[in-house]
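Asks: Take this structure first; my questions come after.
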Amino acid sequence: FTPLKGGVPIVVGGEIVGAVGVSGAMSADQDEEMAVAAAKALESALLPKAVTLIQKDAVSAAFQKGAPLLETADFKVHASHRDGPGQAEVHQKDTDILYVLKGKATLVTGGKLVDGKNVAADEVRGAAIEGGTTQELVPGDVLVVPAGTPHWFQAVPGAFDYYVVKTTK
């Protein structure tokens, strides 16, 4: 056994849970530097995430304009508000989980997006949906729209507030 640079333990909560070994860089010091960086990234990913409280005043303000409450690499929580219908859309990577708080709306899911155009990475919007299933949403309803599923708020007769949790597939 000959100790060499480039091997680093992964420590979480004071316990060794694994290790990273790097060999083949330009020098032993570079091996060590890359192993340390990899171990730190893994340790960070394995640590519990912080608890987040969003106070009711901030939540109320977010609903006034329909704004994100929290966005991380793993999920997003939005306070959404609508006063009318919107464009049809497809999120290629995000699953939307909606919880209705106030108002009512008609949502069409599935079917075929009409006149779809890419508006952002993994986001397509269009004028409407052909076919699909019509859902009437009211307070207390929860609706899950899997990634890749066209969906469209076809009718929103008044103020409509709902939470959306977006998760990636």
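Asks: Largest first, how would K49, K102 line up by accessible area (1.4 Å probe)?
Replies: Order by accessible area, largest first: K49, K102.
Asks: Further, regarding this structure: With charges set only on the Cβ (+1 for Lys and Arg, -1 for Asp and Glu), what does the dipole of the chain come to about its Cα centre, in debye to the nearest 20?
Replies: 460
Asks: Choose one answer from V144, V100, V22: the residue with the largest mean-square fluctuation in a GNM of the chain with alpha-carbon springs under 10 Å.
Replies: Taking springs between Cα atoms under 10 Å, the residue moving most is V22.
Asks: Then there's this: Give me the mean projected area, in nm² to one decimal, of the convex hull enclosing the Cα positions of segment 91-169.
Replies: With the hull built on Cα positions only, its mean projection is 4.9 nm².
Asks: Turning to a different aspect of this structure: At E71 and E130, where each label point lies 7 Å from the Cα along Cα→Cβ, what is the point-to-point distance in nanometres?
Replies: 3.3
Asks: While we're on this one: Sort H81, H151 by accessible area with a 1.4 Å probe, largest first.
Replies: Accessible-area ranking of H81, H151, largest first: H81, H151.
Asks: Pairs K40/K166; K117/K166; K40/K117; K5/K166; K104/K166: which exceed 31 Å Cα-Cα?
Replies: Going by Cα-Cα distance, K40/K117; K5/K166 fall outside the 31 Å limit.
Asks: Once amide H atoms are built 1.01 Å from N in the peptide plane, which residues 5 or more positions from G86, or in another chain, come under 5 Å H to H?
Replies: Sorted by chain and number, the residues that satisfy this are F153.
Asks: A further question follows. Per residue, how much accessible area does the chain show when a 1.4 Å probe rolls over the protein heavy atoms, in square angstrom?
Replies: It amounts to 61 Å² per residue over the chain.
Asks: Charges on Cβ only, +1 for Lys and Arg, -1 for Asp and Glu, centred on the Cα centroid of the chain; of V17, L53, V164, which one is farthest towards the dipole's positive end?
Replies: With unit charges placed on the Cβ atoms, the residue in question is V164.
Asks: Then there's this: So I have (1) 45, 20, 12; (2) 27, 23, 12; (3) 22, 19, 16, and one of them is semi-axes √(5λ) of the Cα gyration tensor in Å calculated from this model. Which one is it?
Replies: (1)
Asks: Using helices alone, I'd like the mean residue ellipticity at 222 nm for the chain: each DSSP H run of four-plus residues gives -39500 (n - 2.57), total over residue count, nearest 500.
Replies: Calculated from helices alone, the mean residue ellipticity at 222 nm is -5500 deg cm²/dmol.
Asks: Between K56 and K104, what is the FRET efficiency for a Förster distance of 22 Å, r being their Cβ-Cβ separation, to the nearest 0.05?
Replies: 0.40
Asks: Which value, in debye to the nearest 20, describes the size of the charge dipole of segment 37-96 about its Cα centre when Lys and Arg Cβ atoms bear +1, Asp and Glu Cβ atoms bear -1, and nothing else is charged?
Replies: Using Cβ point charges on Lys, Arg, Asp and Glu, segment 37-96 gives about 140 debye.
Asks: For helix 56-65, what angle does its Cα long axis make with the longest principal axis of the chain, in degrees from 0 to 90 and rounded to 10?
Replies: Around 60 degrees separate the two axes.
Asks: Something else now. Nearest 10 degrees is fine. How inclined is helix 28-46 to the longest principal axis of the chain, computing both from alpha carbons?
Replies: It works out to around 40 degrees.
Asks: What nm distance separates the two modelled labels at A120 and A38, each placed 7 Å from Cα along Cα→Cβ?
Replies: Rounded to a tenth, the inter-label distance reads 3.4 nm.
The values are calculated or read from the model by the stated rules, or taken from the named source; none is laboratory data. Note that the structure is predicted; figures quoted are calculated from it, not measured. For neighbour counting, all protein chains shown are included, and Cβ atoms are generated from backbone atoms with ideal geometry for every residue, glycine included. The area values use the complete protein model at the heavy-atom level, side chains included, leaving out ligands, DNA and RNA. Shrake-Rupley method; radii C 1.70, N 1.55, O 1.52, S 1.80 Å.
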